[in-house]
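These notes concern the structure reproduced below.
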Amino acid sequence: MKKSIVGCVVTVLLAAGSFAESPMPFKALARMPVKEVTVFKDGHAFVLHSGKMPTDEAGNVVMDYLPTPVIGTFWPFSADRKTKLGAVVASQRKVLVERTALNLRELIEANVGAQVIVTEVPSGTSQVSYAATIIDIPARSGDEQEATNPPNSGEKLRQKGSVALLRTDTGIKVVALDRIQDIRFTGDYRKTVEEEEFRNLLTLKMEWSGSKPQKSADVGLLYLQRGVRWIPNYKVTIDGKGQATVRLQATLINELTDMDDVTAHLVIGVPTFDFKDTPDPISLQQTVAQLSQHFQQEAKTAYGFANAIGTQVISGGRRGLGYDRPDAAPAPSRTLDLGPEVAESGTNEDLFIFTVKHVSMKKGQRMVFTIGEYTMKYKDVFALDIPFAPPPELWRNFDNNRQAELAQLFNAPKVMHKIRLFNSSEYPLTTAPALILKDDRLLAQGLMTYAAPKADADLNITAAVDIRVEKTDNETKRTPNAINWQGDQYGRVDLAGKITLTNFRKDAVEIEITRHVLGNVDSADNNGKTEMVNVFESPTFAGAGGPYPYWWGWFSWPWWWRHFNGVGRITWTVTLEPKTPFDLGYTWNYYWR
């Protein structure tokens with residue numbers, strides 16, 4: 001007994017347009033306005049277009065705008081429950097564009113049927129002028145070319161000829177256009193000419209459920225695309241008594257599309273866009289490359305990112321510690337001019353939205369406006385950070401220039417004067433440039449780092465030159481064959497260091513000291529806190545190209561190094577009285593074969 005297999009095939013036909021379509025008049029094309037845009041600091045924007053758009057004879061909306069969205073983020077919709085959006089077609093189509101005639105040929109083409117006086121380039125000694133009526137400039141239409149060309153050659157634009165047909169008293173005269181010197185119109189004439197050209201169009205095919213198509217349809221588009229960036233910057237004014245006024249300003253850069261009376265959501269933090277380098281095929285590209293209580297739930301674009309958390313990745317070394325290489329090459333330039341990149345803080349930033357209404361700006365424009373102003377407490381902080389240096393056994397592997405560079409880096413530690421802002425507002429502080437002023441005088445410009453509400457952030461002001469720092473490190477003991485591992489003997493090198501601080505200011509100051517050593521920390525006096533740190537988790541060591549300082553790659557480190565040695569950190573918080581030297585001692589060791 002044979003069993004039969006019955007299959008069910010469902011066929012959906014979505015007409016993408018008939019072949020050899022006539023050029024569409026440019027005036028019939030619509031541009032859907034932008035209503036909302038959610039802008040991220042990395043240059044991406046989540047855009048909402050919506051509105052009542054005119055329809056063509058078939059009841060479809062044809063738009064003269066084709067976005068370049070990130071793949072998987074293009075979502076068109078119909079806002080009318082009675083009308084369904086059947087499909088969206090992106091295609092290159094011929095359109096008729098009316099433009100001002102700028103040359104003799106275009107004026108002749110625009111005025112077929114006009115009576116003129118024609119002057120030809122003289123073939124002998126005298127000019128030839130005569131009255132004529134313009135009949136035509138012969139041309140092969142796109143339909144004709146498509147019918148006579150090989151199959152699948154694609155659509156063609158009209159191919160214009162190089163002669164003009166003129167009716168004279170003696171008959172039809174064929175004149176090469178380059179022989180016509182000038183023409184004089186004896187009556188009215190047209191100043192514009194229609195030209196065919198290809199445009200990337202977006203057609204929204206509407207389903208009217210058997211009813212007659214209306215003259216307009218309420219439709220919209222949602223997509224994520226690179227092209228708009230906002231750059232935050234702060235002005236911090238301190239009064240010298242522990243109170244600061246923090247003003248947040250935004251620079252909005254638009255390289256995407258014209259915006260008129262748009263609601264803009266400026267986002268702190270950047271969510272993960274896994275396919276941000278891959279354009280959606282709808283763009284016709286030939287090559288494929290927790291929110292705050294003030295978040296407005298009714299905002300359509302912002303709603304799509306509710307309860308998301310983004311991670312901002314550090315893009316530069318910790319400044320002032322010697323871990324950011326001064327001659328590091330700049331990042332490659334991008335296609336869009338979206339302004340400078342601002343290094344992130346390396347800390348998770350919750351997505352937080354500032355909403356700004358009534359934003360109007362053309363593509364290519366920049367706009368600066370104030371987002372908010374807050375009053376915060378601050379305190380003066382003095383900090384000394386001393387990075388680790390390579391062991392003496394490595395110095396002989398470096399040339400003289402590199403040895404001089406490292407000597408300059410490690411032998412001149414400086415105490416930095418900072419202010420520590422306590423974020424008592426309900427808004428986070430984001431990573432951004434910060435201008436610091438006191439009594440309307442400029443003190444410094446620093447980098448504000450991310451600080452959630454109730455957290456704090458430090459801003460560098462300047463090196464405290466009136467606090468002298470002296471550092472000495474000495475080898476105290478060398479023990480050969482101190483340990484055996486896998487049949488190999490390793491020696492131990494013991495070292496002792498001392499930091500001497502002298503305060504030449506009038507008042508006592510509190511200083512936070514951090515000393516990193518390469519190896520293993522043994523001890524620290526004056527209640528120093530010692531610990532071994534994981535350089536892969538510590539932002540202190542996030543230098544260019546990896547978790548270690550830039551000079552780490554100058555030497556090929558032996559495979560056994562990390563088995564015995566790590567990175568130690570010693571921290572003190574001490575009060576320095578005026579003109580009284582204060583010593584901080586510590587010891588550490590490392591193993592070498």
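Sparse packing (at most 12 other Cβ atoms within 10 Å of the Cβ) combined with a DSSP loop state is found for the following trypsin sites (Lys or Arg not before Pro) in segment 75-176: ARG81, LYS82. Compared with the direct C-alpha span, the chain from THR119 to ASP258 gains 45.4 nm at full extension, assuming 0.36 nm per residue. Separation of segment 113-160 from segment 198-214 is 36 Å, based on Cα centroids. Within the straight-line cut-off of under 18 Å between alpha carbons, the lysines reachable from LYS82 are LYS52, LYS205, LYS212, LYS215, sequence neighbours fewer than 8 places apart in one chain being disregarded.
Computed from phi, the 3J(HN,Hα) profile of segment 38-46 under the Karplus parametrisation 6.51, -1.76, 1.60 (θ = phi - 60°) reads 9, 10, 9, 6, 8, x, 8, 9, 9 Hz, with x in place of Gly and Pro.
Which lysines have a Cα less than 30 Å from the Cα of LYS235, not counting those fewer than 8 places away in the same chain? Counting by Cα, and skipping residues close in sequence, LYS235 has these lysines nearby: LYS41, LYS357, LYS362, LYS363, LYS377, LYS379, LYS414, LYS418, LYS438, LYS454, LYS506. So which trypsin sites (Lys or Arg not before Pro) in segment 224-287 end up in coil per DSSP with only 14 or fewer other C-beta atoms within 10 Å? Filter output for segment 224-287: LYS241.
Throughout, read-outs are computed from the coordinates displayed, never taken from laboratory work. Quick caveat: nothing in here was measured; it's all calculated off a predicted structure. Glycine also receives a Cβ, built like all others from the backbone with ideal geometry; neighbour counts cover every protein chain displayed.
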